[in-house]
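The values are calculated or read from the model by the stated rules, or taken from the named source; none is laboratory data. It should be emphasised that the depicted structure is a prediction, and the values quoted were computed from it without experimental measurement. Counting neighbours? That spans all protein chains shown, and the Cβs are built from the backbone with ideal geometry, glycine included. When the accessible area is computed, the model is the full protein with side chains, heavy atoms only, and any ligands, DNA or RNA have been set aside. Shrake-Rupley method; radii C 1.70, N 1.55, O 1.52, S 1.80 Å.
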Amino acid sequence: MARFQRQRIRFQRQPPGTAITRSCLVVGGGLVATAGVLLVARDPRPAALLAGASGVMLLVGGHRANHGAGGPTDRVLDELLDRAWDAAVLGSIAWAARGTRPSVTAGALLALCLSFLSAYVRARGAALAYSVEESHVTRGIRYALVIAGLAFGWLGWTVWVSAGVAALAAFVRTAQVAGEERA
């Protein structure tokens with residue numbers, strides 16, 4: 001009869017402030033989900049307020065997670081919720097504008113796709129052990145553009161500029177990965 005040894009489960013000690021970091025991220029995720037619902041209901045001003053609050057919470061939580069106040073789970077949660085922000089806000093904008101404003105729909109979908117492409121390049125580079133920079137500045141610019149477009153009715157051009165920022169981020173990250181591959 002085989003003997004089974006009991007092994008202690010060792011939990012990795014979490015850095016101080018992990019609860020605050022995780023709270024920021026989870027609250028930000030809940031706020032953006034609510035903003036997405038409001039956008040589908042065609043109520044852009046309250047959605048802009050909630051998307052803005054969510055963006056602030058996600059930026060604070062993401063900064064804390066990536067700079068010492070969070071563990072690996074918090075960094076993964078940060079990346080997932082950034083994708084959720086894009087999907088909830090840009091996807092809902094595309095859905096709400098699909099029949100009346102095709103240029104806004106196309107810009108929102110392009111911004112969404114390029115943002116996902118940029119995140120994929122960063123994740124793939126990190127998986128290959130390349131140092132690919134994660135900038136919260138470009139994320140903040142994307143958030144601010146879309147929020148301003150919602151709040152002031154400027155979606156006609158803000159989604160396109162947001163797509164340009166996401167394209168630039170994808171290009172820079174691709175160049176970083178290619179540069180490390182050659183080195």
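General observations
- Solvent-accessible surface of protein heavy atoms, probed at 1.4 angstrom with all chains present, puts Cys24, Cys113 in the order Cys113, Cys24, largest first.
- Loop GluC sites (Glu not before Pro), the stretch 116-183, which have at most 15 other Cβ atoms in a 10 Å radius of their Cβ (DSSP): Glu133
- Mean Kyte hydropathy of 1.6 or more with a Cα span along the axis of at least 24 Å, helices from DSSP in the chain: 18-40
- Long-range HN-HN contacts of Tyr130 with modeled amide H, under 5 Å: none
- Centroid-to-centroid, using Cα positions, the stretch 40-98 and the stretch 159-183 are 21 Å apart.
- The mean accessible area for residues of the chain, using a 1.4 Å probe and ignoring ligands and nucleic acids, is 57 Å² per residue.
- Inter-site label distance for Tyr120 and Val27 at 7 Å from Cα along Cβ, in nm: 3.4 nm
- For the chain, the mean residue ellipticity at 222 nm estimated from helices alone is -27500 deg cm²/dmol, where every DSSP H run of n ≥ 4 contributes -39500 (n - 2.57) and the total is divided by all residues, rounded to the nearest 500.
- Within the chain: Cβ-based charge dipole about Cα centre, in debye rounded to nearest 20 (Lys, Arg +1; Asp, Glu -1): 620 debye
- When the charge dipole of the stretch 70-183 is built from unit charges on Cβ atoms (+1 for Lys and Arg, -1 for Asp and Glu) and taken about the Cα centre, the candidate among Ala163, Gly107, Ser135 whose Cα reaches farthest toward its positive end is Gly107.
- Label separation (Ala129 vs Leu80): 2.7 nm, computed from points 7 Å beyond Cα along the C-beta direction.
- Inter-probe distance in nm under a simple model that places probes 7 Å from Cα toward Cβ, at Val56 and Ser103: 3.2 nm
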